[in-house]
Amino acid sequence: MPKGNYQLPSLKDAKIRTREAVKVEHALFKLPEQTRNLGVGRKFYLRTYGCQANERDSETIVGILESMGFSQTNEEQDADFILLNTCAIRKNAEDKVLGELGMLKKLKTTNPDLIFGLCGCMAQEEEIVQLLLKTYNQVDLIFGTHNIHRLPELLYQTMMSKERTVEVYSKEGEVIENLPVKRFGKHKAWVNIMYGCDKFCTYCIVPYTRGKERSRLYGDILSEIQELKDQGYKEVTLLGQNVNAYGKDLGIESGFANLLEEVAKIGIPRIRFTTSHPWDFTDDMIDVIAKYDNIMPAIHLPVQSGNSDMLKIMGRRYTSESYKSLYDRIIKKMPNCSFSTDIIVGFPNETEEQFQDTLDMVNYCKYDLAYTFIYSPREGTPAASMEDNVPEQVKSERLQRLNELVGLYSNMNNQKYVGKVVNVLVDGLSKKNDQVYSGYSEENKLINFTGKDVHEGDIVRVKITDVKSWSLNGEVVSD
Ligand code: SAM
Ligand code: SF4
């Protein structure tokens, strides 16, 4: 191994769960003196892969770098520091990053002082870090999801020593408050309510890369949301791998239902949350969602499979029947609620009958949207060592059949909106047409629309005129 500073990840240590209480670090984030002006006159380029948790981490990273004097550039070739915030959920997410590293390597020939960094979920994987150390010499700095707050020192060390720095904590640290943040949205904000996951679904790498479930304190979350409201934000999305488990680690009963109610009372116009695991979804939660108009009637409820035996092997802790019963209870209280889901096809040894049960589940829930994936083995997870008798071609065919059915219901659900008026939070001009605005309805439908005197961040009333595959068209109406 070349000279450098190394603290490498270990999957074995990442698996360990302890019952220690979560310590919340309240100390104000303080930039170490020597890093204060490190970025003055220097530019960074940041690319983010994966889910909202990574997007939210990137907001912190940008906040930290700007507080060090760096400015952000959208051109890789102008950057003095390039950082990739990576995702490990499926192999194709990793392949994208490795390909990108190869392409960016040539930038070092024109700028030998360029620092390359990699952080996020891939950095937590033992196997990936070994591969980077062996084959990707261009990577100068690697840090993980648990020590983003260490970025100033790590970058300083890398720049001064001109040696490689790897610092990845296998065990999650404390919950650190008061980190700088540069919000990417002006009207919509993500708010972490908890970190990590203890569910250990047998296919999933997240509990290893994101550590154990750690909830933020009520007061910290509520004051962040109050601040966002005071700054004019219109929508917050409460984030966690499994928001329904909020507060369990703090010993709070009905933690998420109570938190949601307190957030609703702050009076921010729109509240969303993701992701809710069907297992922890209580009737208290349904009551709170139904009670407050500012909690949006759009629920992401990942099902993964419609077959109870498959769900058991996946370690999901609910059955096909209990999922359907939960769906029924929600729809009974909120008939206008839209539903989205995640589905995995081609889990080891999935039979045609089991796959049919998944199609039946789609027929039952008539999802508005489904994120569908072919199972991807993840090193260190229990499913990765299961023998698999499903040929790749069968998996692809199943994915295609599933997507066709999902598309059918999405279109059918969208058709029901024609002629109706919906409230839309305006994101701005549409990416495809600068005569048209776009935004999302309360039910989380993408709406493209025309109208006069429309401004980003407004909530406007739009009459739906026609339907596209994944969006709705309309025009602004005045009451
Ligand atoms: N916490 C959420 C839940 O419980 O459903 C999921 C978060 S995960 C980032 C997003 C989705 O990725 C999962 O719902 C699952 O469908 C998919 N996923 C996770 N591991 C996968 C794997 N090994 N292969 C394919 N898809 C996977
Ligand atoms: Fe992964 Fe399951 Fe945790 Fe979701 S609940 S992040 S799928 S282990």
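Evaluate the following for ILE344: is it more than 17 Å from TRP279 (Cα to Cα), among the β-branched types (Val, Ile, Thr) and open to solvent by 10 Å² or more (accessible area, probe 1.4 Å)? Give the steps one after another, and end with the answer.
Details: more than 17 Å from TRP279 (Cα to Cα): yes; among the β-branched types (Val, Ile, Thr): yes; open to solvent by 10 Å² or more (accessible area, probe 1.4 Å): yes.
For ILE344, the condition - more than 17 Å from TRP279 (Cα to Cα), among the β-branched types (Val, Ile, Thr) and open to solvent by 10 Å² or more (accessible area, probe 1.4 Å) - is met.
Residue by residue through the stretch 242-298, note down the ones that are closer than 22 Å to PRO207 by Cβ, in contact with a Pro (Cβ under 8 Å, 6 or more places away or on another chain) and not hydroxyl-bearing (Ser, Thr, Tyr).
Within the stretch 242-298, HIS277, PRO278 meet the criteria.
Just wondering, is there one or more residues in the stretch 176-185 that are in a strand (DSSP E or B), out of contact with any Lys or Arg (no Cβ under 8 Å at 6 or more places or on another chain) and away from ligand 2 (no atom under 11 Å from the Cβ)?
Of the stretch 176-185, the ones in a strand (DSSP E or B) are 176.
Checking the rest, the ones that are also out of contact with any Lys or Arg (no Cβ under 8 Å at 6 or more places or on another chain) come to 176.
Filter once more, keeping what is away from ligand 2 (no atom under 11 Å from the Cβ): 176.
The answer is yes; a qualifying residue exists.
Name the pairs whose Cβ atoms lie under 6 Å apart, with the first residue in the stretch 200-211 and over 14 Å from LYS12 (Cα atoms) and part of a loop (DSSP other than H, G, I, E, B), the second more than 6 Å from ligand 2 (Cβ to nearest atom) and at pLDDT below 95, and 6 or more positions between them or separate chains?
Sorted first by the residue in the stretch 200-211, then by its partner, the list stays empty.
Of all residues in the stretch 209-238, how many are within 16 Å of ligand 2 (Cβ to nearest atom) and open to solvent by less than 10 Å² (accessible area, probe 1.4 Å)? Working first, answer last.
Residues of the stretch 209-238 that are within 16 Å of ligand 2 (Cβ to nearest atom), as a first pass: 209-215, 238.
Next, from what is left, pick out any that are open to solvent by less than 10 Å² (accessible area, probe 1.4 Å): 209, 211, 215, 238.
Residues meeting the conditions: 4.
What residue, among those in the stretch 283-314 that are within 22 Å of GLU442 (Cα to Cα) and of a type in the set (Gly, Ala, Ser), is most open to solvent (accessible area, probe 1.4 Å)?
ALA290
Could we say that GLU261 is part of a loop (DSSP other than H, G, I, E, B), under 30 Å from GLU321 (Cβ atoms) and more than 15 Å from ligand 1 (Cβ to nearest atom) here?
On the way: part of a loop (DSSP other than H, G, I, E, B): no; under 30 Å from GLU321 (Cβ atoms): yes; more than 15 Å from ligand 1 (Cβ to nearest atom): yes.
So GLU261 does not fit the description; no.
Quick one: which residue in LEU301, LEU369 is farther than 21 Å from ASP284 by Cβ and modelled with pLDDT of 95 or more? Full working, then the answer.
Details: LEU301 fails: farther than 21 Å from ASP284 by Cβ.
Within the list LEU301, LEU369, the selection yields LEU369.
Given the condition buried (at least 20 other Cβ atoms within 10 Å of the Cβ), within 11 Å of ligand 1 (Cβ to nearest atom) and within 27 Å of GLN72 (Cα to Cα), answer yes or no: does some residue in the stretch 243-252 qualify?
Checked against the condition, which is being buried (at least 20 other Cβ atoms within 10 Å of the Cβ), within 11 Å of ligand 1 (Cβ to nearest atom) and within 27 Å of GLN72 (Cα to Cα), the stretch 243-252 yields no hits at all.
Within the group ARG329, ARG317, which residue is in contact with a His (Cβ under 9 Å, 6 or more places away or on another chain) and not aliphatic (A, V, I, L, M)?
Numbers: ARG329 fails: in contact with a His (Cβ under 9 Å, 6 or more places away or on another chain).
Criteria check complete, one pass: ARG317.
Working only within the stretch 168-208, note down all residues that are open to solvent by 30 Å² or more (accessible area, probe 1.4 Å), among the acidic types (Asp, Glu) and under 28 Å from ALA383 (Cβ atoms).
Matches in the stretch 168-208: ASP198 only.
Output the residues belonging to the stretch 273-302 that are of a type in the set (D, E, K, R), more than 15 Å from ligand 1 (Cβ to nearest atom) and closer than 15 Å to ILE330 by Cβ. Even if it seems obvious, please write down each step before you answer.
Taking the stretch 273-302 as the starting set, the residues that turn out to be of a type in the set (D, E, K, R) are 280, 283-284, 287, 291, 293.
Now drop any that are not more than 15 Å from ligand 1 (Cβ to nearest atom), which leaves 283-284, 287, 291, 293.
Selection gives ASP283, ASP284, ASP287, LYS291.
So, in the stretch 192-209, exactly how many residues are within 9 Å of ligand 1 (Cβ to nearest atom) and within 20 Å of GLU55 (Cβ to Cβ)?
4
How many of the residues making up the stretch 50-72 are within 16 Å of ligand 1 (Cβ to nearest atom) and open to solvent by 30 Å² or more (accessible area, probe 1.4 Å)?
4
Any residue in the stretch 216-236 that is hydroxyl-bearing (Ser, Thr, Tyr) and closer than 26 Å to ALA123 by Cα?
We begin by selecting, within the stretch 216-236, every residue hydroxyl-bearing (Ser, Thr, Tyr); these are 218, 223, 233.
Remaining after also requiring closer than 26 Å to ALA123 by Cα: none.
No; the residues of the stretch 216-236 include none that is hydroxyl-bearing (Ser, Thr, Tyr) and closer than 26 Å to ALA123 by Cα.
List every residue pair whose Cβ atoms sit under 9 Å apart, with the two residues 6 or more apart in sequence or on different chains, where the first one lies in the stretch 315-329 and is over 17 Å from TYR203 (Cβ atoms) and open to solvent by 50 Å² or more (accessible area, probe 1.4 Å) and the second, anywhere, is within 16 Å of ligand 1 (Cβ to nearest atom) and of a type in the set (Lys, Arg).
Close Cβ pairs (under 9 Å, with a partner that is within 16 Å of ligand 1 (Cβ to nearest atom) and of a type in the set (Lys, Arg)) amount to THR319/LYS312.
For the subset of the stretch 2-28 comprising residues that are among the acidic types (Asp, Glu) and modelled with pLDDT under 80, which member is surrounded by the fewest Cβ atoms within 10 Å (Cβ to Cβ)? Give the steps one after another, and end with the answer.
Here is the first cut: in the stretch 2-28, the residues among the acidic types (Asp, Glu) are 13, 20, 25.
Then keep just the ones that are modelled with pLDDT under 80; that gives 20, 25.
Details: GLU20: 8, GLU25: 14.
Looking at residues that are among the acidic types (Asp, Glu) and modelled with pLDDT under 80, I get GLU20.
Looking at SER396, SER430 in this structure, which one is free of Cβ contacts under 8 Å to residues at least 24 places away in the same chain, touching a strand residue (DSSP E or B) at 6+ places or on another chain (Cβ under 9 Å) and more than 25 Å from GLU235 (Cα to Cα)? Before you say what the answer is, go through the steps one by one.
Numbers: SER430 fails: more than 25 Å from GLU235 (Cα to Cα).
Of the residues listed, the single one that is free of Cβ contacts under 8 Å to residues at least 24 places away in the same chain, touching a strand residue (DSSP E or B) at 6+ places or on another chain (Cβ under 9 Å) and more than 25 Å from GLU235 (Cα to Cα) is SER396.
Among (1) open to solvent by less than 10 Å² (accessible area, probe 1.4 Å); (2) assigned to a loop (DSSP other than H, G, I, E, B), there is one condition PHE256 misses while meeting the rest; what is its number?
That leaves (2) as the condition not met.
Scan the helices (runs of 4 or more DSSP H) fully inside the stretch 71-169 and keep the ones with 2 or more residues being touching a residue at least 12 places away in the same chain (Cβ under 8 Å), in contact with a strand residue (DSSP E or B) (Cβ under 9 Å, 6 or more places away or on another chain) and within 30 Å of GLU213 (Cα to Cα).
Working: elements: 91-104, 107-110, 126-135, 151-161.
The qualifying helices (runs of 4 or more DSSP H) are 91-104, 126-135, 151-161.
The values are calculated or read from the model by the stated rules, or taken from the named source; none is laboratory data. Just so we're clear, the structure is a prediction, and the values are computed from it rather than from any experiment. Heads up, the Cβs are rebuilt from the backbone with ideal geometry, glycines too, and the neighbour counts pull from every protein chain shown. These area figures cover heavy atoms from the full protein model, side chains too; ligands, DNA and RNA do not enter into them. Shrake-Rupley method; radii C 1.70, N 1.55, O 1.52, S 1.80 Å.
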